[in-house]
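Every read-out reported here was derived from the displayed coordinates using simple, explicitly stated rules and does not represent laboratory data. Given the structure is predicted, the values throughout are model-derived calculations rather than measurements. A quick note on method: Cβ atoms are made from the backbone with ideal geometry, for glycine too, and the neighbour counts reach across all protein chains shown.
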Amino acid sequence: MTSGLWFPGVYAFMHDANSMYPSWRRLGSLGLSPVPFNFSNFDDPVPSLLTNLHNQSLIPSLSWAYSAGANYQSPPVFGSLTLGGYDASRFTPSNVSFPFGSDFSRDLLVSLESITYDTLSSSPLLGDRIDVFIDSLVTEIWLPISTCQAFETAFFLVWDDAAQLYPVNETLHKNLLAQNPVFTFTLGQAGGGGNDTVAISLPYATFDLFITQPAVNSTSRYFPLKQAQNSTQYTLGRTFLQEAYIIADYDRHNFSVSQALFPPNQSPQQLVAIHSPSDDTRERHRGLGAGAIAAGIFRLRRRSGRAGQLSVPSADEKAQEAMQPLAPAKYEVSGEAGRHELDEDYARKPELGAGGAINELLAVPEHKVHEMGLPEVPVELEAPIR
């Protein structure tokens, strides 16, 4: 982060792999769960970033919204992180929400009901429904071996057991581009409970990624699908989050997954605050004033110093009405990692910063954009969120 707002006692964790990266590029993670940290014992917990911001009335609730961005769009679309609300311009409302998982370390747990693609006479790629964890700390999509083998059959993928990945050569890449399949992931409530589902579509471009050093010796294409050895490894990582928008509301103990939208980077945001259930009803319809919402926008900055910046208008009324918080049972709220899909040279590389991209967390009090950072600690926010 660059200097800006300073929050004492908030921790951003650096990765051991930093020694393998140039000094100007750092890999870390910034936790967004409200669960406190315990470093030595359980008697002295350290409040999380989200809790700190809420306790200081800088955000109206324990909530956040996130999408990883899409480097394959033309022009590339930045990732988006909003604290205390969501950006209504970045998704199509699904009007479906899911309760958090019982394990706080796997709270974004959903049922993956099916995986299909749009090729004529194609067969479903997923046999039976499975529970999967949505985790932005992971690049790939981890699925049962049988499902991976269905992908292999349909798209002529070959598993490299030594490298533990699906490499894609130029011939296969051209064939996949020509076929250009669109995959549909249908999600429901974990455990198979509930009848409501949401479908997230992922074009082949979502899977057209590069793997770079230090993971491999030379940059090459790969298909970001991993063979899970057991059910605890079933995961939808940042590959999935390029086309999905998540809103997590810890006050109401639920979250939503919606199809991401990709407005031009110069388009105004439509920030909508999520208010805590205890807030007075009148406060829920006020504009975004100081301390109302903090938004983090991942933006590209080239080494030449050019950077995109988004303006912040008032929330869109229609989106706000469609997303009013209801009872805890259901809602659409009112109101990195060196592995990310945005890169300064616009190549399809899954490594965040693999080309000098810098991610900056911006606060937005009173429609002004400020950078939120730690003093004297030049941490580049390449980490995705949890």
Next item on the list: Pick out, in residue order, every one of the chymotrypsin sites (Phe, Trp or Tyr not before Pro) in the range 81-190 that is DSSP loop and has at most 14 other C-beta atoms within 10 Å; say none if there are none.
Entry: 156
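Tally Lys and Arg at +1 and Asp and Glu at -1 over the other residues with C-beta under 9 Å from the C-beta of residue 65: what net charge comes out?
On the way: positive: 90; negative: 87.
Net charge around residue 65: 0.
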Check: Mind checking the log10 I(q)/I(0) for the range 126-270 at q = 0.11, 0.19 Å⁻¹? Debye, one equal scatterer per Cα, no solvent, two decimals.
Finding: -0.47, -1.30
Check: What are the radius of gyration and Dmax of the range 67-120, computed over its Cα atoms and given in Å?
Finding: 15.1, 43
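Using the Kirkwood radius over C-alpha pairs as Rh, can you work out the diffusion coefficient of the range 173-241 via Stokes-Einstein at 10 °C, viscosity 1.306 mPa s, in µm² per second?
110
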Checklist line | Around residue 101: net Lys/Arg minus Asp/Glu count, Cβ-Cβ under 11 Å | finding: -2
